[in-house]
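Visitor: Okay, here's the structure, questions in a sec.
Please treat every number below as a calculation from the coordinates, not as lab data. Note that this is a predicted model, so its numbers are computed, not measured. Neighbour counts are summed over all protein chains in view; Cβ atoms, including those assigned to glycine, are modelled from backbone coordinates with ideal geometry.
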Amino acid sequence: MDLTYTPDEEDFRARLREWLGTALPTLPPKPSPDDWPARRAYDLGWQRRLHDAGYADVHWDASPTTRLIFLEETEKAGAPYVGANFVGLLHAGPTIAAEGTDGQRARWLPPILRGEEVWCQGFSEPEAGSDLAALRTRAWRDGDHYVVTGSKIWTSHAEVADWCELLVRTDPSAPKHRGITWLALPMDTPGITVRPLRTLAGSAEFAEVFLDEVRVPLANRVGDENDGWRVTMVTLSFERGTAFAGEVVACRRVLTELALQARENGRWDDPALRRRLGRLNAEFRALWRLTQWNVSAAEASGGVPGAGGSVFKLRYSHARQELYDAAADVLGPDRLDLDRPWTLDRLSSLSYTIAAGTSQIQHSIVAERILGLPKGR
């Protein structure tokens, strides 16, 4: 498999670098991490700049390789992360682009690209996390609407979202994977209650969402009724495929900074630490190559990432945790200072073996879909 870039792709990289060099110095100050309305405005403002410069569509209307170059260069330049736009740009948007009707793509994709609407993810439930197909939120037809009742948890950015990608059970008598439907829910619909959740790191980007006979138009269904599990697999393939690519670049930058900090505070004299950082350097270099391989494979198969994303997600989650454990060793007693770099990152890294499918789920996907092993009973 060819992992080199074409002249056109390198030209795209050069033009993007030049634009970032002029755009980033003009950005306003970042808002407080706890001020989500201000963070929404900041993130949408950055997305509008990308749109006006012609870079907004890279997440689903460009080749996977172009998308990878974009994520690499924006992270290297220190550009704002997608933030509140995460679900819209990296989950819901690519799913609608792949599975939606022409009308749905025309309605929902342009506002995401222009930085006008934010999406949240309504998948997990209190008793349906790793076993997502066990979800219980019910939806039944009433004329040209579904009526939805149930609850969701760990709903990303629900407190500032305009729309929710929502999984519901439309046929409770069917096997659990076959009675699920994927809906687009307007978050201003009557009957929705949002309660923010505060994480170990002190942030509140997640929420509980309670749905009490919420009416959703049938026209907001993406894919066929009861075919939502297949559509969900498309969503999760994007989540585990290229969504973390920029974070690999960020981790490699942190690794360089850790080595510099260790030299300054004397921790570099510890040969065990040097070996640890060297192994992590090799790990993240390999993860970047794996990302390139997955992108090339997706390009050859029509743009949707495959099961190889689970290999990446599985190893990246653990490598990220190992990176910030090493950061704690470099910081020494300062590892408990929440105002120091990397301390909050270490706390948030603990969620990576759970978010976007637990490591146990990823092991099962690799075993069954890549290695061809029999399913567990």
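Visitor: Say the dipole of the chain comes from +1 at the beta carbon of Lys and Arg and -1 at that of Asp and Glu; which of L260, V234, A98 then lies farthest toward its positive end?
Guide: My answer, from the dipole projection, is L260.
Visitor: I need the phi-derived Karplus couplings for the stretch 177-194: 6.51 cos²θ - 1.76 cosθ + 1.60, θ = phi - 60°, integer Hz, Gly and Pro marked x.
Guide: Those phi angles translate into 7, 10, x, 10, 10, 9, 10, 9, 9, x, 6, 9, 6, x, x, 9, 10, 10 Hz.
Visitor: Between E116 and D34, what is the label-point separation in nm under the 7 Å Cα-to-beta-carbon projection?
Guide: 3.4 nm
Visitor: Sticking with this structure for a sec: Compare the peptides 163-175, 138-150, 59-71 by average per-residue count of other Cβ atoms within 10 angstrom and give them in order, highest first.
Guide: Descending packing order for the listed peptides: 59-71, 163-175, 138-150.
Visitor: When the helices in the chain are scored as -39500 (n - 2.57) per DSSP H run of 4 or longer and the sum is shared across all residues, what 222 nm value do you end up with, to the nearest 500 deg cm²/dmol?
Guide: -15000 deg cm²/dmol
Visitor: Tell me the net charge near D57. Cut-off is 13 Å between Cβ atoms, D57 excluded, with +1 for each Lys or Arg and -1 for each Asp or Glu.
Guide: The answer is +1.
Visitor: Given Cβ point charges of +1 (Lys, Arg) and -1 (Asp, Glu) and nothing else, what value in debye, to the nearest 20, does the dipole of the chain about its Cα centre take?
Guide: 920 debye
Visitor: Pop out the ³J(HN,Hα) list for the stretch 211-226 in order, Karplus 6.51 cos²θ - 1.76 cosθ + 1.60 with θ = phi - 60°, rounded to Hz; leave Gly and Pro as x.
Guide: Coupling constants for the stretch 211-226: 10, 10, 6, 7, 9, 10, x, 4, 5, 8, 7, 9, x, 7, 4, 6 Hz.
Visitor: May I pose another question? Report the full-extension gain for the segment R279 to D11: residue separation times 0.36 nm, less the Cα-Cα distance, to one decimal in nm.
Guide: Once the chain is fully extended between R279 and D11, it gains 93.2 nm.
Visitor: What is the calculated FRET efficiency for R178 to R315, with r their C-beta to C-beta distance and R₀ = 35 Å, to the nearest 0.05?
Guide: Efficiency, from the Cβ-Cβ distance: 0.65.
Visitor: At 7 Å along Cα-to-Cβ for each site, give me the label-to-label distance between H363 and D61 in nm.
Guide: 4.3 nm
Visitor: Among the lysines, which fall within straight-line cross-link reach of K375, defined as a Cα-Cα distance under 25 Å, with same-chain neighbours fewer than 8 residues apart omitted?
Guide: List returned: K176, K313.
Visitor: Order 72-82, 98-108, 4-14 from most to least packed using the mean count of other Cβ atoms within 10 Å.
Guide: Put in order of decreasing packing, that is 72-82, 98-108, 4-14.
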